[in-house]
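Chemist: Below are the structure tokens for one structure; questions will follow.
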Amino acid sequence: MILIKTHILNPLNRFETEFRKNVFLTIKGNRIHSLSDQPDDDHWEDYTHCVCLPGMIDAHVHLSQFRIRGKHSSELLPWLNEHVFPEEARSSEPEYADVIAREFFQDLIRKGTTTSVIYTAPFFSACDKAFRIAEELGVRALIGAALMDVNSPEGLQQKTDTAFQESVDLYHEWNGKNELLEYIFSPRFAPVCSPRLMKLTGDFASRNNAYIQTHLSENLEEIKLVRSLYPEVSSYTEVYLKNNLLGPKTLLGHAIHLSDSELEIIKKTGSKVIHCPDSNFFLKSGQFPWSDLLRFEIPFALGSDVGAGTDLSMFQVMKMANYRQDEYIVSPEEAFYLATRGGAEAIGKDDQIGAIEVGKSADLVFADCRDPQTRESSDILSELMYLETNQKINTVFVNGKIKFQRAR
Ligand code: GUN
Ligand code: ZN
């Protein structure tokens, strides 16, 4: 049992954050066992110089692009060709896949992200390696090998049946192998996936109630390309609908340029959207239609989208979420909700993670905080979001275990 005295910032919903000062939090095994104003014991660890937040959730990130953050290109398609595809090809080497997975997960934990939804390079071995390192380090993740079987560079393009079968093998090997890891089928995006690969994947995932992630309508040239590849289909979203890729366990990265009829399809199928604002700035992809998503009541969460996003810090992503909107004002409370409870809701894990409540998994972040006793939560959240570097992560727990502690 671990007993800690601290101040808790707990997202209640999209607009409200609870701030409880001088709380005694106990962790028993991997769960939050109690939260009370009085200690059960005389010996507690003093974290009253910190605020305690739920572990953050990065709902869209590319592990094998970790080393190409900040490599500039004009926009999505040239960037993929110039930087992403050559870099992902390097992860066919098991040693490289090992090194990059370690670097990635260590940085992720250090930045306070305890759950991530990951694409790896399109190789069985690279994805298997990512799972092994995630298991070794004890982080919570949904991981999938990118699927690409058409219009892709040599070295990355897979044969349809091999690509599908390897994903199925990875799913059987890793999905639910321990309580922290799951497989997510990851058809990269329509331009590099054949209809047969998408359909095989969609059918398998729906039969097995498995997760799917892909990219949708991120960039205008990408959309033109999809229109030219599928002249008979009325929209990009419908390409995914026809191939059985949409549903409550589908996470659609970006979803920027959408018509109302596409938003209607997303809503009806129960699919979720992942907004990646830092990436949208970097690739000049456009402005996420925040108000439309709210109008259609489509759940969405946040992703770093590293390597188009420049940093794994979800505080950075929260900041960019507000900066990227010209009119909609993203409050610190809303950004915080999206990086925690909202992320958990989007991936259907809000019964386990995303908030600080008795019975939930002890995925916790302690961040240094000046004068927490005298400040309001909105002031502290705002500082976390905009001045992340002044607000260093002190300690991170995943599933009841310390995974990062800054040298004292
Ligand atoms: N669309 C297809 N692949 C990718 C990728 O790796 N990153 C981003 N941002 N968009 C994509
Ligand atoms: Zn992406």
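Read-outs throughout are calculated quantities, based only on the coordinates presented, and are distinct from any laboratory measurement. Source: prediction; values computed, not measured. Cβ: placed from backbone, ideal geometry, glycine included. Neighbour counts: every protein chain shown.
Chemist: So, counting K/R as plus one and D/E as minus one, what does the shell of residues with Cβ under 12 Å around Pro289 add up to? Intermediate values should be presented prior to the final figure.
Modeler: On the way: positive: Arg295, Arg324; negative: Asp260, Glu262, Asp292, Asp326, Glu327.
Local charge sum for Pro289: -3.
Chemist: Oh, and also: Let's see if you can work this out: charge +1 on each Lys and Arg Cβ, -1 on each Asp and Glu Cβ, no other charges. What is the dipole magnitude of the range 264-371 about its Cα centre, in debye to the nearest 20?
Modeler: The dipole of the range 264-371 has a size of about 280 debye.
Chemist: Taking the number of other C-beta atoms within 10 Å as the exposure measure, put Ser313, Ser228 in order starting with the fewest.
Modeler: Numbers: Ser313 24, Ser228 9.
Taking fewest neighbouring Cβ atoms as first place, the list is Ser228, Ser313.
Chemist: Compute the separation of the alpha-carbon centres of the range 360-408 and the range 222-250 and state it in Å as a whole number.
Modeler: About 41 Å separates the Cα centre of the range 360-408 from the one of the range 222-250.
Chemist: Pairs of Cα atoms under 8 Å, at least six residues apart: use those to get the relative contact order of the range 10-160, whole percent.
Modeler: Numbers: 187 pairs, mean separation 29.5, N = 151.
For the range 10-160, the relative contact order is 20 percent.
Chemist: Could you work out how much longer the chain between Tyr328 and Asn13 gets when fully extended? Use 0.36 nm per residue separation minus the Cα distance between them, nm to one decimal.
Modeler: Values: separation 315, 0.36 × 315 = 113.40 nm, distance 1.80 nm.
Stretched out fully, the Tyr328 to Asn13 stretch lengthens by 111.6 nm.
Chemist: With springs only between Cα atoms under 10 Å apart, run a GNM on the chain and tell me which of Gln325, Gln213, Gln373 wobbles the most.
Modeler: With Cα springs under 10 Å in the chain, the top fluctuation among Gln325, Gln213, Gln373 is at Gln373.
Chemist: Oh, and also: Quick check on packing: order 52-59, 122-129 by the mean number of other C-beta atoms within 10 Å, highest mean leading.
Modeler: Working: 52-59: 29.0, 122-129: 23.4.
Sorting 52-59, 122-129 by mean packing, highest first, produces 52-59, 122-129.
Chemist: I need Lys284, Lys242 ordered by Cβ neighbour count within 10 Å, fewest first. Can you show the working numbers first?
Modeler: Working: Lys284 10, Lys242 16.
Fewest-to-most ranking of Lys284, Lys242: Lys284, Lys242.
Chemist: Same structure again: Would you mind checking which residues have amide H under 5 Å from Leu180's amide H? H placed 1.01 Å from N; only 5 or more apart, or other chain.
Modeler: Close amide H contacts, sequence-distant or interchain: none at all.
Chemist: If you average the alpha carbon positions of the range 175-192 and of the range 1-69, how far apart do those two centres end up, in angstrom?
Modeler: When both Cα centres are located, 27 Å separates them.
Chemist: Also, quick follow-up: Are there GluC sites (Glu not before Pro) in the range 105-156 that DSSP puts in a loop and that have at most 14 other Cβ atoms within 10 Å, and which ones? Please report the intermediate quantities before stating the final value.
Modeler: On the way: sites: Glu135, Glu136, Glu154; in loops: Glu154.
Answer in residue order: Glu154.
Chemist: Among Arg31, Arg375, Arg102, which one moves the most in a GNM of the chain with springs linking Cα atoms closer than 10 Å?
Modeler: Highest fluctuation of the listed residues: Arg375.
Chemist: In which sequence would Arg324, Arg406, Arg90 go, from the one with the fewest C-beta neighbours within 10 Å to the one with the most? Present the calculation step by step, with values, prior to reporting the outcome.
Modeler: Working: Arg324 21, Arg406 12, Arg90 16.
Ascending Cβ contact count within 10 Å gives the list Arg406, Arg90, Arg324.
Chemist: I need the fraction of alpha carbon pairs in the chain separated by more than 39 Å, rounded to a whole percent.
Modeler: The answer is 15 percent, as a whole percent.
Chemist: Given contacts defined as C-alpha pairs under 8 Å and at least six residues apart, what's the relative contact order of the chain, whole-number percent? Write down the numbers at each step before the final one.
Modeler: Values: 926 pairs, mean separation 88.1, N = 408.
Once normalised by length, the contact order is 22 percent.
Chemist: Which angle between 0 and 90 degrees, to the nearest 10, do you get for helix 124-137 versus the longest principal axis of the chain when only C-alpha atoms count?
Modeler: 0
Chemist: Please work out how much length the chain gains when fully extended from Leu220 to Arg102, using 0.36 nm per residue of separation minus the C-alpha to C-alpha distance, in nm with one decimal.
Modeler: Numbers: separation 118, 0.36 × 118 = 42.48 nm, distance 3.47 nm.
Between Leu220 and Arg102, full extension yields an extra 39.0 nm.
Chemist: With +1 on the Cβ of every Lys and Arg and -1 on the Cβ of every Asp and Glu, and nothing else charged, how large is the dipole of the chain about its Cα centre, in debye rounded to the nearest 20? Walk me through the numbers before you get to the answer.
Modeler: Working: 43 positive and 58 negative charges, 57 e Å.
So the dipole magnitude of the chain works out to roughly 280 debye.
Chemist: What ranking, highest mean first, results for peptides 314-323, 32-41 when packing means the other Cβ atoms within 10 Å averaged over each residue?
Modeler: Numbers: 314-323: 23.9, 32-41: 12.9.
Going by the mean number of other Cβ atoms within 10 Å, highest first, we get 314-323, 32-41.
Chemist: Per residue of the range 331-345, what does 6.51 cos²θ - 1.76 cosθ + 1.60 with θ = phi - 60° give for ³J(HN,Hα)? Whole Hz please, x for Gly and Pro, Karplus curve as stated.
Modeler: 6, x, 5, 5, 4, 5, 4, 5, 7, 10, 4, x, x, 4, 5
Chemist: By the gyration tensor of its Cα atoms, with a ≥ b ≥ c the square roots of the eigenvalues, what is the shape of the range 232-367: rounded for a/c under 1.5, prolate for a/b over b/c, or oblate?
Modeler: Details: a/c = 1.92, a/b = 1.31, b/c = 1.47.
The shape class here is oblate.
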